[in-house]
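Remarks on the structure that follows.
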Amino acid sequence: MNPTTDAPPAAVPAASAAPSPRAEASAQRTGPLRGIRVVEFGGIGPAPFATMLLADLGAEVVRIDRPGPGGAPVVDPADTVLRGRTIVAADLKDAEAAERVRRLVDRADVLVEGFRPGVMERLGLGPDDLLARNPRLVYGRMTGWGQHGPWADRVGHDLNYLSITGMLHAIGPAEAPAVPLNLVADYGGGAMFLVTGILAALVERAVSGQGQVVDAAMVDGVGQLSHVFRAMLAAGTWSDRRAQNLIDGGAPYYSVYGCADGAHVAVGALEPAFYAALIAGLGDDLEPGVAALDRDDRATWPALRAGLESAFACRTRDEWATHFDGTDACVTPVLTMTEAEGHPHLVARGVFGEWGGRSAPAPAPRLDRTPAVEPVFPPQVAADVGALIDAWDAAQEGPNR
């Protein structure tokens with residue numbers, strides 16, 4: 001849909017599973033968000049990840065970035081999160097450039113920004129200004145602390161948002177909280193809730209004809225993600241101490257164990273039937289008496305953990321993976337990211353692919369009638385905002401047209 005480049009899309013690896021008849025009936029991979037236009041203001045973290053998801057689902061995403069040397073946007077050739085975009089440079093502090101961006105937003109369905117509160121307002125690009133010009137606009141805001149509150153203006157990262165919501169305290173061994181990857185606050189509590197809010201606002205707009213502001217805060221999202229644990233805490237079935245619970249590493253049958261080669265396996269034998277399969281599979285590698293321990297008696301957990309540690313240390317990770325393959329013991333190898341790309345199940349589903357010479361996760365979730373579009377990477381680069389305005393004016397499709 002971008003007339004400024006002739007770069008063809010990179011190929012998507014074919015899925016091994018046969019498509020459904022409904023999927024075959026689809027003439028092309030258009031995605032369910034075909035016709036939705038998104039203007040993203042360049043940033044890092046959860047906001048660009050959210051717009052990548054929208055692009056995967058068929059939205060046309062234009063990213064506004066600050067000019068680099070020579071006036072063109074600087075595109076990181078390794079950042080596959082930028083797939084599916086058209087990127088254009090604009091100096092938002094320049095009055096004429098900012099007005100061209102406003103004109104582009106006049107033609108958009110969704111705006112996404114991840115700046116600290118007040119930044120967009122100072123640029124004359126806040127929701128009051130832009131919704132007055134385009135009342136159908138869904139204005140998505142992504143921050144860590146939210147648009148209001150005593151900490152709204154503070155800086156922070158995933159670890160900080162986790163820390164004040166109580167969830168960092170709950171993650172890790174008994175000795176100290178662990179530093180998790182930025183999966184929880186940035187992407188789970190941030191990007192996913194931003195996308196949910198945007199999609200909900202688009203559905204509501206179909207009824208009311210009006211856009212609205214989506215205030216997505218990572219602390220809000222992490223709070224939602226912690227719901228089940230807080231419910232158990234209130235019910236007295238969860239301890240506020242780390243490594244004391246069923247699914248926080250406290251239970252020896254839901255944990256990670258080292259193997260003879262220094263690699264690890266994950267054990268998730270929570271249900272009695274799965275635990276029975278685990279014990280049966282360990283067989284003679286278990287020391288005498290371990291199999292007879294009452295797993296429901298927490299007083300036995302230290303002895304049971306020691307027995308499992310000793311048993312798993314008898315073989316390598318891959319030997320255990322082969323040994324337990326096809327059983328209900330819930331024992332799986334802990335793979336590196338590189339190894340994961342070659343796992344037979346992930347290969348069969350096409351979980352990872354290659355676009356523009358870069359390995360990356362494939363779009364998800366999967367829709368049978370309007371499947372995700374083929375990711376384009378590297379992203380396309382537009383000549384200027386004016387060219388995009390002309391292209392959008394010339395197009396006929398889309399909810400605003």
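The values are calculated or read from the model by the stated rules, or taken from the named source; none is laboratory data. Remember, predicted model here, so these are calculated numbers, not experimental data. A quick note on method: Cβ atoms are made from the backbone with ideal geometry, for glycine too, and the neighbour counts reach across all protein chains shown.
Considering only residues of the range 281-297 that are outside any loop (DSSP other than H, G, I, E, B) and touching a residue at least 24 places away in the same chain (Cβ under 8 Å), which is farthest from residue 310 (Cα to Cα)?
In this case the residue turns out to be 281.
Go through (1) within 23 Å of residue 38 (Cβ to Cβ); (2) surrounded by fewer than 16 Cβ atoms within 10 Å (Cβ to Cβ) for residue 227 and report which single condition fails.
Result: residue 227 passes all but (1).
Of 368, 384, 390, which residue is in contact with a Ser or Thr (Cβ under 6 Å, 6 or more places away or on another chain) and either in the same structural domain as residue 32 (by TED's automatic domain parsing) or at positive phi (or both)? Reasoning before the result, please.
On the way: 384 fails: in contact with a Ser or Thr (Cβ under 6 Å, 6 or more places away or on another chain); 390 fails: in contact with a Ser or Thr (Cβ under 6 Å, 6 or more places away or on another chain).
Answer to the check: 368.
Among the residues in the range 289-296, are any touching a Ser or Thr at 6+ places or on another chain (Cβ under 7 Å) and assigned by TED's automatic domain parsing to the domain that holds residue 196?
no
May I ask you to list the residues in the range 257-270 that are assigned to a loop (DSSP other than H, G, I, E, B) and within 22 Å of residue 302 (Cβ to Cβ)? Can you show your working first?
So in the range 257-270, the residues assigned to a loop (DSSP other than H, G, I, E, B) come out as 259-263, 269-270.
259, 269, 270 - these are the residues of the range 257-270 that are assigned to a loop (DSSP other than H, G, I, E, B) and within 22 Å of residue 302 (Cβ to Cβ).
Quick check: is even one residue across the range 120-130 under 19 Å from residue 52 (Cα atoms) and in contact with a helix residue (DSSP H, G or I) (Cβ under 9 Å, 6 or more places away or on another chain)?
no
Any idea how many residues of the range 172-210 are over 19 Å from the mean Cα position of the chain (by Cα) and of a type in the set (Val, Ile, Thr)?
Within the range 172-210, residues that are over 19 Å from the mean Cα position of the chain (by Cα) and of a type in the set (Val, Ile, Thr) number 2.
Going through the range 175-222 one residue at a time, which ones are surrounded by fewer than 21 Cβ atoms within 10 Å (Cβ to Cβ) and either outside the structural domain of residue 151 (by TED's automatic domain parsing) or among the acidic types (Asp, Glu) (or both)?
Once the filter is applied, which keeps residues that are surrounded by fewer than 21 Cβ atoms within 10 Å (Cβ to Cβ) and either outside the structural domain of residue 151 (by TED's automatic domain parsing) or among the acidic types (Asp, Glu) (or both), the range 175-222 yields 175, 204, 215, 220.
Looking only at helices (runs of 4 or more DSSP H) that lie completely in the range 166-226, which have at least 3 residues being free of Cβ contacts under 8 Å to residues at least 12 places away in the same chain?
Where helices (runs of 4 or more DSSP H) fall fully within the range 166-226 and carry at least 3 residues being free of Cβ contacts under 8 Å to residues at least 12 places away in the same chain, they are 192-208.
Do the conditions hold for residue 138, that is, is it surrounded by 18 or more Cβ atoms within 10 Å (Cβ to Cβ) and either modelled with pLDDT under 95 or in the same structural domain as residue 112 (by TED's automatic domain parsing) (or both)?
Yes: the conditions hold for residue 138.
If a residue has to be within 40 Å of the chain's Cα centre (by Cα) and farther than 21 Å from residue 319 by Cβ to count, how many in the range 276-292 make the cut?
Residues meeting the conditions: 1.
Somewhere in the range 371-379, is a residue at pLDDT below 95, in contact with a strand residue (DSSP E or B) (Cβ under 9 Å, 6 or more places away or on another chain) and either among the hydrophobic types (A, V, I, L, M, F, W, C) or closer than 30 Å to residue 272 by Cβ (or both)?
Yes, the range 371-379 contains at least one residue that is at pLDDT below 95, in contact with a strand residue (DSSP E or B) (Cβ under 9 Å, 6 or more places away or on another chain) and either among the hydrophobic types (A, V, I, L, M, F, W, C) or closer than 30 Å to residue 272 by Cβ (or both).
Is it the case that the range 77-91 has a residue that's at pLDDT 95 or above, small (Gly, Ala, Ser) and over 22 Å from residue 29 (Cα atoms)?
The answer is yes; a qualifying residue exists.
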